[in-house]
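Visitor: Just dropping this structure here.
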Amino acid sequence: MNRPLDTVIELQHALDRLRRAETQLGGIPDWMKELDAQYRERREEIDSLEHTIETARTERKEAEAGIADAQEKLKRYQRQINEVTTQREYGALLQEIDTVKGQIAGLEEQGLAALERSEAAKGAVEEKRAAFRDLEDRYQAELARWDGEKPGIAEEARKLRERIEVLRERVPRPHLAHFERIYDRTHGRAMAPIRKVERARGATMWHCAVCHYNVRPQVLVEIQDRGSLVQCDSCKRILYLEGEGEGEEAETVTASGQAQA
Ligand SMILES: [Zn+2]
């Protein structure tokens with residue numbers, strides 16, 4: 001017998017699986033996450049060192065260009081020395097020459113510092129690159145393995161989309177619209193299993209496993225006997241009994257991580 005509730009449970013389950021498949025296809029699989037993080041971290045370290053080398057190189061070039069300019073200026077001043085006629089002019093020119101010499105010394109120091117920085121970074125990057133090679137190999141191997149798995153997951157996603165269409169057709173329209181409204185509002189977790197809670201003195205109670213609000217016994221009967229779509233009084237999700245429908249509620253519950261947070 002095809003009760004609306006059973007179909008809706010299966011629909012939610014298929015949507016969960018589709019979302020998982022799509023998330024996987026859009027990113028990297030869980031089993032690759034650790035290596036991927038390691039790979040990115042090392043890659044970034046190397047990139048950062050390469051950046052340091054590049055910056056130092058530019059700085060050195062700039063210092064060298066500055067030195068060349070200053071030396072031209074110095075030559076010019078030294079030529080002018082022979083042409084000065086007054087003591088004042090001579091003194092002023094000597095002052096200029098001193099200033100330029102000071103500039104050259106400063107630029108030489110800058111160039112040297114940049115060179116030292118670049119040498120240190122070069123040494124470090126060589127070391128890191130050597131250590132990175134092994135990681136790179138492992139990463140490429142996992143990447144290849146992941147590429148091999150992708151078509152299977154894409155095929156699964158395709159089948160799930162088809163199945164979802166079939167299930168959508170099967171659910172009566174008002175029920176479907178109802179489900180989809182809740183699905184959107186709850187960010188993909190429209191269903192809530194009913195949990196049994198044992199109370200003191202052997203009393204049994206039932207509550208919604210998502211929000212823990214009580215579920216009235218007659219609701220339980222309605223779901224059990226007629227497979228009706230009944231919402232939780234508090235979180236408004238569609239209630240179902242564990243073991244109903246596909247029997248995969250546990251997965252349905254854990255699949256939509258958002259609701260658990
Ligand atoms: Zn609830």
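Visitor: Would you grab the residues whose amide H sits under 5 Å from the one on residue 242? Only those 5+ places off in sequence or on another chain, please, with H modelled 1.01 Å from N.
Guide: 194
Visitor: Can you pull the semi-axes for the range 135-174, root of five times each eigenvalue of the Cα gyration tensor, sorted largest first, whole Å?
Guide: 38, 8, 4
Visitor: A further question follows. What list of ³J(HN,Hα) values in whole Hz, one per residue of the range 40-56 in order, does the Karplus curve 6.51 cos²θ - 1.76 cosθ + 1.60 (θ = phi - 60°) give from phi, with Gly and Pro shown as x?
Guide: 4, 4, 5, 4, 5, 4, 5, 4, 5, 5, 4, 5, 4, 4, 5, 4, 5
Visitor: Calculate how many DSSP beta bridges within the chain are antiparallel, expressed in % of all such bridges and rounded to the nearest 5.
Guide: Taking every DSSP beta bridge within the chain, about 65 percent pair in antiparallel fashion.
Visitor: For the range 83-221, list log₁₀ I(q)/I(0) at each q in 0.11, 0.12, 0.16, 0.17 Å⁻¹, using the Debye formula over Cα point scatterers of equal strength and ignoring solvent, two decimals each.
Guide: Debye output, listed in q order: -0.84, -0.89, -1.06, -1.10.
Visitor: How long is the gain from residue 85 to residue 166 if the chain were fully straight, where each residue apart is worth 0.36 nm and the alpha carbon distance is subtracted?
Guide: 18.8 nm
Visitor: Pull out a ≥ b ≥ c, the square roots of the eigenvalues of the alpha-carbon gyration tensor of the range 161-248, then state rounded if a/c is under 1.5, prolate if not and a/b is larger than b/c, and oblate in the remaining case.
Guide: It comes out prolate by the Cα gyration axes.
Visitor: Just tell me which lysines come within less than 18 Å, Cα to Cα, of residue 159; anything on the same chain fewer than 8 places away is out.
Guide: 150
Visitor: Among 85, 183, 15, whose Cα sits farthest toward the positive end of the charge dipole of the chain (+1 at Cβ of Lys/Arg, -1 at Cβ of Asp/Glu, about the Cα centre)?
Guide: Farthest towards the positive end: 183.
Visitor: Okay, helix-only estimate at 222 nm for the chain: each DSSP H run of n ≥ 4 adds -39500 (n - 2.57), divide by all residues, round to 500 deg cm²/dmol; what do you get?
Guide: That comes out to -26500 deg cm²/dmol.
Visitor: Spin-label point model (7 Å from Cα, Cβ direction): what's the residue 55 to residue 134 distance in nm?
Guide: Result: 3.1 nm between the two label points.
Visitor: Using DSSP to define loop residues, name the GluC sites (Glu not before Pro) in the range 27-105 whose beta-carbon has at most 15 other beta-carbon atoms within 10 Å.
Guide: 83
Visitor: A further question on this structure: Starting at 0 and stepping by 10 Å, how many percent of the alpha carbon pairs of the chain end up in each bin?
Guide: 6, 18, 15, 12, 10, 9, 9, 7, 6, 4, 2, 0
Visitor: Find, among the chymotrypsin sites (Phe, Trp or Tyr not before Pro) in the range 6-111, those assigned to loop by DSSP (not H, G, I, E, B) with at most 14 other beta-carbon atoms within 10 angstrom.
Guide: The qualifying sites: there are none.
Visitor: Quick one: Karplus J couplings for the range 208-217, per residue in order, coefficients 6.51, -1.76, 1.60, θ = phi - 60°, nearest Hz, x for Gly and Pro?
Guide: 6, 6, 8, 10, 6, 6, 4, 10, 5, x
Visitor: Show me the ranking of peptides 166-173, 193-200 by mean Cβ neighbours inside 10 Å, starting with the highest.
Guide: Top to bottom by mean Cβ count within 10 Å: 166-173, 193-200.
Visitor: Please work out the ratio of the alpha-carbon Rg of the range 79-148 to 2.2 N^0.38 Å and round it to two decimals.
Guide: Dividing the Cα radius of gyration by 2.2 N^0.38 Å gives 2.51.
Visitor: About the Cα centre, and with charges only on the beta carbon of Lys, Arg (+1) and Asp, Glu (-1), how big is the dipole of the chain? Nearest 20 debye, please.
Guide: 1220
No value in this document is a laboratory result; all are computed from the given coordinates. The shown structure was predicted, so the numbers you read here are calculated from the model rather than taken from an experiment. All Cβ positions, even for glycine, are placed from backbone atoms using ideal geometry, and neighbour counts span all protein chains on display.
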